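Engineer: The structure under discussion is supplied below as structure tokens; questions concerning it will follow.
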Amino acid sequence: MKQFVKFLPIITALLFFTTGQLFAVNITEDSNEGMSRFFSAHKPNYILIYNSYHQADDKSFPSTEDEIKFQFSFKHNLMWLDFGNLYFGYTQKSFWQIYDDENSRPFRETNYNPEIFFRTAELSGLSLDIGVEHESNGGTVEYDSGGNAVDKSRSWNRAYLSPKYKYEISKSSFFQIELKMWDQIDENNKSSNTNELGDENSDIDSYYGSKELRLKLKLDDLIVSTMSRRNFTSKRGAFQLDVSYPIYTGLYLHLQFFEGYGESLIDYNNSKTTYGVGLMFTR
């Protein structure tokens, strides 16, 4: 599965060209998922022009704690059924050390997250996602100044269920609760640190747990959302808060706060506290 990330651009391009709808259909945040005929927004699309963090555990990298963070995400409708739709989803999240002029402004980390999922039709505010997903950073084995191998590859696969309930408060306001539950698809452990095959983060579940709770409150134009996850055995987890408010048509002021493990795959076992400000395009 680690080699899969190399083919993601090809797979994405094929989806675009076989449908012929890349420029014909807007990627929107249509709340009625079944009405988006081909492409639509999946997870939020945003850029944090300034994202600052304190990394509690690992001080070795990077050289600056100020960066740009951005995410783009879309889904493609593969099949329409009376009781739901089948989707291909793709999300990419990047951390760009643009303020690190001394080291040529490198990308610190990029996470690639393709998935296939089925979303049931909404019934009395209830819906259910059933899917499988892969997430990796495309990293490889690197060598430090002492010639020691450092494996920077991170990846995992999981099958998930995600029930969602949306309560309409008024025509312009709602409250939504979503619980994502997953089971990690195990891989064989690596035979050596330099081997490309095998699981390089077999303990990821002790930092991520196996459940994630998302709450979302829309009050007219303002949207406040939270994400929380926790492994109660290891007592590790994460919390994220997002606030967005429209400033122009299709453009929103975005504030984000994150604390805990796993903001990115390379940091899955490093605790971080981050805060950022930027623009959101779909929410």
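Engineer: Restricting attention to segment 116-132, report how many residues are part of a loop (DSSP other than H, G, I, E, B) and polar (S, T, N, Q).
Structural biologist: Summing the residues that are part of a loop (DSSP other than H, G, I, E, B) and polar (S, T, N, Q) in segment 116-132 gives 1.
Engineer: What do you reckon, is GLN240 surrounded by 17 or more Cβ atoms within 10 Å (Cβ to Cβ) and closer than 22 Å to GLY131 by Cβ?
Structural biologist: Criteria met by GLN240.
Engineer: Here's another thing I want to ask about it. Any residue in segment 228-249 that's farther than 21 Å from LYS216 by Cα: show its pairings with residues that are charged (D, E, K, R) at Cβ separation under 8 Å, as long as the two are six or more apart or on different chains.
Structural biologist: So the pair list comes out as ASN231/ASP205; ARG236/ARG230.
Engineer: Quick check on segment 247-270. Is at least one of its residues at pLDDT 95 or above, touching a Pro at 6+ places or on another chain (Cβ under 6 Å) and surrounded by 15 or more Cβ atoms within 10 Å (Cβ to Cβ)?
Structural biologist: yes
Engineer: Right, here's the next one. Is segment 137-144 home to any residue that is modelled with pLDDT of 85 or more, in a strand (DSSP E or B) and either surrounded by 11 or more Cβ atoms within 10 Å (Cβ to Cβ) or in contact with a helix residue (DSSP H, G or I) (Cβ under 6 Å, 6 or more places away or on another chain) (or both)?
Structural biologist: Looking through segment 137-144, none of the residues is modelled with pLDDT of 85 or more, in a strand (DSSP E or B) and either surrounded by 11 or more Cβ atoms within 10 Å (Cβ to Cβ) or in contact with a helix residue (DSSP H, G or I) (Cβ under 6 Å, 6 or more places away or on another chain) (or both).
Engineer: State whether the residues of segment 189-205 include one that is among the aliphatic types (A, V, I, L, M) and at pLDDT below 95.
Structural biologist: The answer is yes; a qualifying residue exists.
Engineer: If a residue counts only when it is of a type in the set (A, V, I, L, M, F, W, C) and more than 24 Å from ILE177 (Cβ to Cβ), which strands (runs of 3 or more DSSP E) contained entirely in segment 205-283 have at least 2 such residues?
Structural biologist: Filter on segment 205-283 gives 251-261, 271-282.
Engineer: Let me ask something else. If you take the residues of segment 154-178 that are among the charged types (D, E, K, R) and surrounded by fewer than 17 Cβ atoms within 10 Å (Cβ to Cβ), which of them is farthest from SER228 (Cα to Cα)?
Structural biologist: Filtering first and then ranking leaves LYS171.
Engineer: What's the number of the condition PHE232 fails, among (1) under 17 Å from the mean Cα position of the chain (by Cα); (2) over 18 Å from ASN45 (Cα atoms); (3) among the hydrophobic types (A, V, I, L, M, F, W, C)?
Structural biologist: Going through the list (1) under 17 Å from the mean Cα position of the chain (by Cα); (2) over 18 Å from ASN45 (Cα atoms); (3) among the hydrophobic types (A, V, I, L, M, F, W, C), PHE232 breaks only (1).
Engineer: How many residues does segment 94-131 hold that are in contact (Cβ under 8 Å) with a residue 24 or more places away in the chain, within 19 Å of LYS216 (Cβ to Cβ) and not acidic (Asp, Glu)?
Structural biologist: 7
The values are calculated or read from the model by the stated rules, or taken from the named source; none is laboratory data. Bear in mind the structure is a predicted one, so any value in this text is a computation, not a measurement. Cβ: placed from backbone, ideal geometry, glycine included. Neighbour counts: every protein chain shown.
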